[in-house]
Amino acid sequence: MNLHAVKAIYRFEMARTGRTLLQSVVSPVVSTSLYFVVFGAAIGSRISEVGGVTYGAFIVPGLIMLSLLTQSISNASFAIYFPKFVGTIYELLSAPVSFIEIVMAYVGAAATKSIMIGLIILATAHLFVPLEIQHPVFMLLFLVLTAVTFALLGFIIGIWATNFEKLQLVPLLVVTPLTFLGGSFYSIDMLPPVWQTISHFNPVLYLVSGFRWSFFGQADVSVALSLGMTLVFLAACLAVVWWIFKTGWRIRN
């Protein structure tokens, strides 16, 4: 294991966050805070509680998850696409660095940045509503697993993309709508039976549900199922990344 190479790539990516602090950290925190203010004020005045939890507190896990998914994907996809765009990826591929080390560095940096943003949003939420995390260990577990999983997805998107527009295609047209429809701002128990059934086919539901359970001890699906689905998605992303490096798809050609 070439830890020096992993450390070098990781530090480079983390340093890029410092150079683009407004875009990387301040912007997602401010936009998520606006979501919280608008949804908490507009809808919270009409919905006092959801499952015994005030609506303002109820949407906090969903907002953190929304930011976590989008930031993990965007950070990882841009990090690997930019070397492809400028041609420096060939220097990386010719260096004595294995694909495992490359993935560890890029995905690790992207996951670290999104986790930092998630924790900052969590701290910001405390300014608006009182929060008590019932299962902090599981909260951190879901936070890390989700960040790593979607950073891997972002890595795949960065390899697949042939222009900057494609980098935003999946997050905007797929991930964000699935997050909004995955119970981020409501419990699926509030939906008609048909839509409850349809919601169970939304993979983001299990992420949001498990993460919310770590806060309040209540969820739309069992925490074991949420954790299992997260691990299945993680394994699927790892398999795709392994196949990409094995075949050289969109890298060597």
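Read-outs throughout are calculated quantities, based only on the coordinates presented, and are distinct from any laboratory measurement. Bear in mind the structure is a predicted one, so any value in this text is a computation, not a measurement. All Cβ positions, even for glycine, are placed from backbone atoms using ideal geometry, and neighbour counts span all protein chains on display.
Which one of Ile47, Ile43 is free of Cβ contacts under 8 Å to residues at least 40 places away in the same chain and over 22 Å from Leu152 (Cβ atoms)?
Ile47 is the lone residue from the list that is free of Cβ contacts under 8 Å to residues at least 40 places away in the same chain and over 22 Å from Leu152 (Cβ atoms).
Show the residue pairs meeting these rules: Cβ distance below 9 Å; 6+ apart or different chains; first residue within the range 107-129 and surrounded by fewer than 20 Cβ atoms within 10 Å (Cβ to Cβ); second residue assigned to a loop (DSSP other than H, G, I, E, B) and among the β-branched types (Val, Ile, Thr).
The qualifying pairs are Leu122/Ile133.
List the helices (runs of 4 or more DSSP H) that sit entirely inside the range 1-80 and contain at least 1 residues that are under 17 Å from the mean Cα position of the chain (by Cα).
Where helices (runs of 4 or more DSSP H) fall fully within the range 1-80 and carry at least 1 residues being under 17 Å from the mean Cα position of the chain (by Cα), they are 3-19, 27-42.
Residues being within 17 Å of Gly108 (Cα to Cα) and touching a residue at least 60 places away in the same chain (Cβ under 8 Å): count how many of those fall in the range 50-91.
The qualifying residues number 13.
How about the range 174-253: which helices (runs of 4 or more DSSP H) wholly inside it have at least 2 residues that are over 22 Å from Gly56 (Cβ atoms) and within 21 Å of the chain's Cα centre (by Cα)?
Helices (runs of 4 or more DSSP H) meeting the threshold: 176-180, 203-216, 223-247.
Which condition from (1) assigned to a helix (DSSP H, G or I); (2) in contact with a strand residue (DSSP E or B) (Cβ under 9 Å, 6 or more places away or on another chain); (3) not aliphatic (A, V, I, L, M) is the one that Gly158 breaks?
(2)
Can you name the residue in the range 131-150 that is among the β-branched types (Val, Ile, Thr) and under 25 Å from Thr54 (Cβ atoms) and is also nearest to the chain's Cα centre (by Cα) among such residues?
Among those residues, the one meeting the criterion is Thr146.
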